[in-house]
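The values are calculated or read from the model by the stated rules, or taken from the named source; none is laboratory data. Predicted, not measured: the structure shown is a model, and the values here were computed from it. Positions of Cβ are generated from backbone atoms using ideal geometry, with glycine treated the same way; all protein chains shown enter the neighbour counts.
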Amino acid sequence: MAETAVVPQGTGQDSRPDALLAVKDLHTWFELRKWGFIRTGWVRAVDSVDFSLAAGEAIAIVGESGCGKSSLAKTILGLNTPTRGQIFFNGRRISHLTGREGEWYKSQIGYVMQDPYGALPPFMSIRRLLEEPLLIHGVKDPAERHERIVEAMTQMKMTPVDDFLSKFPHMLSGGQQQRVVIARAIILKPKLIVADEPVSMLDASVRVEILQLLRGLQRDMNIGLIYITHDLSTVRYFSERIFVMYAGRLVEEAEVDDLLDDPKHPYTKALLEAIADPDAGNASVYRKVPGGEPPSLANPPSGCRFHPRCPVMIKGLCEVEDPPRFEPTREHKTLCWLYREVSGE
Amino acid sequence: MAHQSSGLTVEDLYLHFRTRRGVVQAVDGVNLTLDSGRTLVIVGESGCGKSSLSRAILRLLPRNVHTYKGSIRLGTTDVMTFNDELFRREVRWVRIAMVPQAAMNALNPVIRIQEQVAEPLLVHGSTQDLDEAIDQARRMLRMVGVPQDFAERYPFELSGGMRQRAAIAMALVASPDLVLLDEPTSALDLLTQANIMNVLKAVKQDLQSTFILITHDIATSSELADDAAVMYAGQIVELSTADQFFRDPLHPYSQKLMASVPTLREKKTLEFIPGQPPSLLDPPKGCRFADRCEARFARCSEEPPVFTVRGGRRVKCWLYESEATDG
């Protein structure tokens, strides 16, 4: 908000030349007001976030509710205005796109929301729902529109297509509704899909099916996928890299197997400890998890934001100074003072 | 702390609802046994009737009930023979309590936590003395991990995890024989969830409580289970000890369900169940899972009885007819 509108510019500042999406020092803060006009503070939903995503790559952003992961998604989608920092898409800066550029960007990204029923207007038939994005983005030929609708629905395994086209959202099951939402997200052949908790409202037995469909599409169409979830147990199957988010920060990032087998940040360790695999032996053991609650984003703790709950907090350091990004092993980065010596920096 | 009874027996329990589109057979002939001091988890997908089952056990019924019959025995007393007033006085919250879904949002916003937790004691006449009831409430709150100074606060001053603990304390305060936990952790954060599970494990050990845990989350259910039941389309299709169930589920539905659970520690090929559960308005005549089952054969068009197989496990599937030990 401090910055004036900037026309999209070519990159040059990008560290990863192949990056489809590069997010640099992104802050999304929401203003807190009293009586509607006196600013009393900020909710720091996204606070200094950096990451990039290669074309065709699937990443997961994992965090608990209220950690800012949905705000991050919405900022990437252009629904929130970043307070500070930049987002580059295909080398173009998108933070302040308007007009034609904005339309173009919207055709390049698909959004899959958590609640499929809420995402589908109840009075529109499946055909109209899927036709709408095509109309907005200027596909004028009705035959071509029909063809693309059929194609998207076939990709989502909603066949025979004709059985579904004239139905309304309430006539479909939750799994089918979510497929329509995904079909709508891919119908413009985007380069990037942001899926915000796409399966948390669905039953266990259909979750896997939807995730596999999404992952298959991402591979076949070479789409970048940002999978936002609180469920660490699914990420191994559906993404290549994981980012762990806590209180507005990305506290750890690594390849999936690397992160799950060898977590570095105490918060990630606690998350992994908290997740049960189905096993009758679980009933006889207590899980060693830190107490407390995630901090308020309006008034986050000083220093490392996890320090009040951290079992291995270093007195005199963690509560005073914000940890920088250390890289204890290759391609495995974490914001934690524990790794200040082993880091290559 | 338990009363004189031992365990719960549910026989042929039916709960059907009347709707404009017909009769919804939410609970359709459920049989269960649960020994005192053990925990039974009931897993099932949404709409399989698991919450209706818990409401049927506690007789918390809406107005549109079509059929409500069967027998629910606590020890040797058949509580289904009680009239509503007697049931309210003698059973509900005194012998069977419940932590409903999203219980943390069910607390009264204008009453202090300790007074809400003490309320069941006063209502059910275990004590007339408010101070004594509050004392007991505070003891129970301490047990579930709510700090003493939180007891005097109002619900909105507490986090979700703390409110959920208060709801659990409220269910436990009258030392019931049986506590129904309906998705007690589903609205909470991961770490809070694990903390609540730790609390329930501790309570179970210290008070020897009998729990029925109703959930859709198989991984979490294993945290507390001694016995496990699987519910599908209004019926219990499998019942066995947790040990056997998590290692080797018998019913094809349970097997598929287990294969669809992503695991963190080991890699496996995830499967899903094609199709969707049948409508409870007009469920199929034969086995209700037959349409989605890979192992179906001619027999499946008839409804399978419950077979008792190795180790006393019960399974409602024709595949186990030859192994059945009870003929």
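Listed values, structure above:
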item	result
Region A:188-221, subset among the small types (Gly, Ala, Ser) and closer than 25 Å to residue A:78 by Cα, residue farthest from the other protein chains (Cβ to nearest Cβ)	A:195
Condition check for residue B:144: away from chain A (no Cβ under 14 Å), under 24 Å from residue B:92 (Cα atoms) and among the β-branched types (Val, Ile, Thr)	no
Residue ID - surrounded by the most Cβ atoms within 10 Å (Cβ to Cβ), chosen from residues in region A:46-65 that are touching a helix residue (DSSP H, G or I) at 6+ places or on another chain (Cβ under 7 Å) and more than 20 Å from residue A:78 (Cβ to Cβ)	A:63
Lone unmet requirement of (1) under 25 Å from the mean Cα position of the chain (by Cα); (2) outside any loop (DSSP other than H, G, I, E, B) for residue A:281	(1)
Residue within region A:23-39 that is closer than 27 Å to residue B:188 by Cβ, modelled with pLDDT under 90, in a strand (DSSP E or B) and of a type in the set (A, V, I, L, M) present	yes
Residue within region A:67-79 that is out of contact with any Gly (no Cβ under 8 Å at 6 or more places or on another chain), within 19 Å of residue A:176 (Cα to Cα), in contact (Cβ under 8 Å) with a residue 60 or more places away in the chain and crowded, with 17+ Cβ neighbours inside 10 Å present	no
Test set (1) assigned to a loop (DSSP other than H, G, I, E, B); (2) of a type outside the set (Ser, Thr, Tyr); (3) in contact with a Gly (Cβ under 9 Å, 6 or more places away or on another chain) - residue A:207 fails condition number	(1)
Near pairs, Cβ below 7 angstrom, 6+ apart or cross-chain, from region A:222-240 (more than 14 Å from every other protein chain (Cβ to nearest Cβ) and in contact (Cβ under 8 Å) with a residue 24 or more places away in the chain) to any residue that is basic (Lys, Arg) and buried (at least 23 other Cβ atoms within 10 Å of the Cβ)	A:228/A:69
Boolean, residue B:88 is of a type in the set (Lys, Arg), part of a helix (DSSP H, G or I) and modelled with pLDDT of 90 or more	yes
Residue within region A:183-202 that is hydroxyl-bearing (Ser, Thr, Tyr) and either more than 25 Å from residue B:268 (Cβ to Cβ) or touching a helix residue (DSSP H, G or I) at 6+ places or on another chain (Cβ under 8 Å) (or both) present	no
Qualifying residue in region B:100-118 (condition: of a type in the set (D, E, K, R), under 25 Å from residue B:160 (Cα atoms) and outside any strand (DSSP E or B))	yes
Candidate set: region B:15-48, residues that are within 14 Å of another protein chain (Cβ to nearest Cβ) and over 28 Å from residue A:281 (Cβ atoms); chosen: the one surrounded by the fewest Cβ atoms within 10 Å (Cβ to Cβ)	B:21
Qualifying residues in region B:59-74 (those that are basic (Lys, Arg) and in a strand (DSSP E or B)) - the one farthest from residue B:13 (Cα to Cα)	B:73
Residue within region A:242-260 that is away from every other protein chain (no Cβ under 14 Å), small (Gly, Ala, Ser), in a loop (DSSP other than H, G, I, E, B) and buried (at least 18 other Cβ atoms within 10 Å of the Cβ) present	yes
Lone qualifier among A:290, A:263, A:295 - being in a loop (DSSP other than H, G, I, E, B), more than 8 Å from every other protein chain (Cβ to nearest Cβ), of a type outside the set (A, V, I, L, M) and more than 24 Å from residue B:268 (Cβ to Cβ)	A:295
Residue within region B:181-196 that is more than 8 Å from chain A (Cβ to nearest Cβ), within 19 Å of the chain's Cα centre (by Cα), among the aliphatic types (A, V, I, L, M) and part of a loop (DSSP other than H, G, I, E, B) present	yes
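Table: residues versus (1) in contact with a Pro (Cβ under 9 Å, 6 or more places away or on another chain); (2) not hydrophobic (A, V, I, L, M, F, W, C).
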{"residue": "A:209", "(1), (2)": "yes, yes"}
{"residue": "A:215", "(1), (2)": "no, yes"}
{"residue": "A:218", "(1), (2)": "no, yes"}
{"residue": "A:225", "(1), (2)": "no, no"}
{"residue": "A:236", "(1), (2)": "yes, yes"}
{"residue": "A:242", "(1), (2)": "no, no"}
{"residue": "A:256", "(1), (2)": "no, no"}
{"residue": "A:275", "(1), (2)": "no, no"}
{"residue": "A:284", "(1), (2)": "no, yes"}
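To keep it simple, each residue is scored yes or no on (1) in contact (Cβ under 8 Å) with a residue 60 or more places away in the chain; (2) among the polar types (S, T, N, Q); (3) touching a Gly at 6+ places or on another chain (Cβ under 9 Å).
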| position | (1), (2), (3) |
| --- | --- |
| A:242 | yes, no, no |
| A:265 | yes, no, no |
| A:269 | no, no, no |
| A:280 | no, no, no |
| A:295 | no, no, no |
| A:319 | no, no, yes |
